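Scroll down for the structure; my scribbles are underneath it.
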Amino acid sequence: MSGVLDGIRVLDFGRYIAGPYCAELLAQFGADVIRIEKLSGSEDRYTTPVTDDGQGAMFFQMNCNKRGITLNPMKPEGREVVKKLVATADVVLANLPPPSLVQMGIDYESLKAIKDDIIFTTMSAFGSVGPYSDKVGFDGIAQVMSGTAYLGGFPDQPIKAFTPYVDYSTGISCAMGTLAAIMHKQKTGEGQIVEGALLRTAMCYSNSSIIEQVLLDTNRVGSGNRAQHIAPSDIYNTRDGAIIIQVVGHALFTRWAKLIGADDWIDDPRFATDADRGNNNEVISERAAAWCAERTTADALQELETARVPAGPVLTPQQAYDDPQVQAMGVFHPVDYPGLPKAAPVAGTPVVLSKSPGQINFPPPTLGQHTDEIMREIGYHDKDIAELREKRVI
C-alpha cells in the first residue's frame, strides 16, 4: 500500500538510532528507503540480540519497510555504486563523522556534484561547527552535557534516562526537517542540508531549565523523581508497587488536598502557586507518600481518578506492553523475521494521521536481502553483480 511519501527514495547510511529511526519514520510513511550496510552487517544490526545468530531488538524497530543492500563504498567500485545510487535518490541520510562521509563520497559537495537537487540529512553528536565538532559521542553524552542528568539525579549521583531520548528525538526532528526540505524542493527545485546534532536536541529539551538558570541564577541541584517547580510531583511507593502523581495548577492542587484530607493547605500561603509548592515540595511529597503507603496501587489510582488527579502506575516493560490502553491504541505491530521465537512487537509511528497514516508493511531486510534487486535497478547486469561480489564490493 502506497503512502504519502510514495515515489521518494532515501539512501540510509545511518547507524545505531538517530539516523535509522529518521529513515524508519520516512519508510513508514511510504518512502523507498534503501539501507546500506557493511558486508558483515553494521554494528546496530546486532544491538540487544534476540535471535540465535545475534540480530538485535533495536534493528527490528529501526528497519521495517526498508530494502537492504551490502556495500563497501571505500573501494573504487563501491564508490561507483554509490554514485549510481545517489543519481536515483531524493534524500541521502547519514550519521557518520565528516571524514568518513568524504571517504565514502557522501559528503554534501560530492552528492551535489552527482545530483544537484539532493537533500542531505546528516546528524552527529556535536554538529558541524564549534570546538567539539570532530568529537564522537552518543546519546548519554548529550544527556549529561545538557544538565538533565544533573537535575534528574541526586546531589551526589547524576542519573541519565534509561531510554536514549536524545537519539530518538533527534531522529524525529531530522525526519521533520527532511519533510520540510522535500516541501521546499517541490516549490523551488532546490536541495539542501538537513543537520541534526545530539547536543542541540538535548539543549532544546532542557531549554526551560537553562532559561531559568541564566535569568535567575537559581543553581538548582538534583532531586531525583521529585519535581522542583510543582508539587506533588513524585513517584510514591504503595503497599504493592509504586505510582506517580503529578499536580499542576491550583485547581488540581485543591482537588488533591481535599482527597487526602489536607483542606487546610488549600489557602496556605506556602502552597499558593506552583512555584510556592515547588519550593516546599519536600513537605508536600512527605504527605503524599504517607497517603500512598496506606493503599494498594489499584486503590490509590482509583481514588485519584475519581478526584480527577493525574496519576499512573510504575510498570515493568512486560506490564507496559500488556497494558490495555497501550493495546487499545495499537502502538505495536507484530513483525515476523527468521530466527525469532515469535513475532516481534514493533512500534509504529509516534504520531497517527487520519488520512495518510504510517504503516509497517514488511519486516526489516535480512543482511543484503535486496542487493541484487537494487543493483539491477541502477543498471548492473548479473555478471557485473557476480564480479563485484567476488571482489567483496557488495
* Have a look at Ala343, Ala386 and point out the one that is under 30 Å from Gly41 (Cβ atoms), without any contact (Cβ under 8 Å) to a residue 12 or more places away in the chain and within 32 Å of the chain's Cα centre (by Cα). => Ala343
* Asked: What about Phe120, is it surrounded by 20 or more Cβ atoms within 10 Å (Cβ to Cβ) and more than 18 Å from the chain's Cα centre (by Cα)?
  -> yes
* For segment 181-202, what are the residues that are assigned to a strand (DSSP E or B) and either crowded, with 17+ Cβ neighbours inside 10 Å or hydroxyl-bearing (Ser, Thr, Tyr) (or both)? -> Val194, Glu195, Gly196, Ala197
* Structure fact -> Taking first residues from segment 69-82 that are assigned to a helix (DSSP H, G or I) and second residues anywhere that are surrounded by fewer than 17 Cβ atoms within 10 Å (Cβ to Cβ), the pairs with Cβ under 8 Å that are 6 or more apart or on different chains are Glu77/Lys391; Val81/Ile378
* Asked: Any residue in segment 127-140 that is at pLDDT below 95, among the polar types (S, T, N, Q) and surrounded by fewer than 14 Cβ atoms within 10 Å (Cβ to Cβ)?
  -> yes
* Structure fact -> In the set Pro365, Pro345, Pro341, the lone residue that is outside any helix (DSSP H, G or I), assigned by TED's automatic domain parsing to the domain that holds Gln61, under 27 Å from Asp52 (Cβ atoms) and in contact with a Lys or Arg (Cβ under 7 Å, 6 or more places away or on another chain) is Pro365
* Asked: List, please: which pairs have Cβ atoms under 6 Å, are six or more places apart or on different chains, and start with a residue in segment 32-50 that is outside any loop (DSSP other than H, G, I, E, B) and end with one that is surrounded by fewer than 22 Cβ atoms within 10 Å (Cβ to Cβ) and small (Gly, Ala, Ser)?
  -> Tyr46/Gly54; Tyr46/Gly56; Pro49/Gly56
* Go through the residues of segment 375-382 one by one and say whether even a single one is under 31 Å from the mean Cα position of the chain (by Cα), more than 23 Å from Ser40 (Cα to Cα) and exposed (fewer than 12 other Cβ atoms within 10 Å of the Cβ). => no
* Asked: Is it the case that segment 162-170 has a residue that's buried (at least 17 other Cβ atoms within 10 Å of the Cβ), in contact with a strand residue (DSSP E or B) (Cβ under 6 Å, 6 or more places away or on another chain) and not acidic (Asp, Glu)?
  -> yes
* Filtered residues of segment 303-340 (kept if among the β-branched types (Val, Ile, Thr) and either within 24 Å of the chain's Cα centre (by Cα) or surrounded by 16 or more Cβ atoms within 10 Å (Cβ to Cβ) (or both)) -> Val309, Val314, Thr316, Val326, Val331, Val335
* Asked: Are any of the residues in segment 90-98 on the phi > 0 side of the Ramachandran plot, small (Gly, Ala, Ser) and in the same structural domain as Met176 (by TED's automatic domain parsing)?
  -> no
* Structure fact -> Counted residues in segment 203-212 being without any contact (Cβ under 8 Å) to a residue 60 or more places away in the chain, surrounded by 10 or more Cβ atoms within 10 Å (Cβ to Cβ) and not aliphatic (A, V, I, L, M) come to 4
* For residues in segment 141-161 being of a type in the set (A, V, I, L, M, F, W, C) and assigned to a helix (DSSP H, G or I), which is surrounded by the fewest Cβ atoms within 10 Å (Cβ to Cβ)? -> Val144
* To do: Can you run down the residue pairs with Cβ atoms below 7 Å, 6 or more apart or on separate chains, where the first is in segment 302-319 and within 19 Å of Arg239 (Cβ to Cβ) and the partner is acidic (Asp, Glu)?
  => Leu315/Asp323
* Is there a residue in segment 103-110 that is without any contact (Cβ under 8 Å) to a residue 40 or more places away in the chain and β-branched (Val, Ile, Thr)? -> no
* Structure fact -> Expected single match for modelled with pLDDT under 95, within 24 Å of Lys185 (Cα to Cα) and in a helix (DSSP H, G or I) among Leu101, Leu85 is Leu101
* Structure fact -> When every residue in segment 5-27 that is in contact with a Lys or Arg (Cβ under 9 Å, 6 or more places away or on another chain), at pLDDT 95 or above and not in a strand (DSSP E or B) is compared, the one surrounded by the fewest Cβ atoms within 10 Å (Cβ to Cβ) is Phe13
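The values are calculated or read from the model by the stated rules, or taken from the named source; none is laboratory data. All figures in this text were calculated on a predicted structure; none of them were measured in a lab. So basically every Cβ, Gly included, is an ideal-geometry build from the backbone, and we count neighbours across all protein chains shown.
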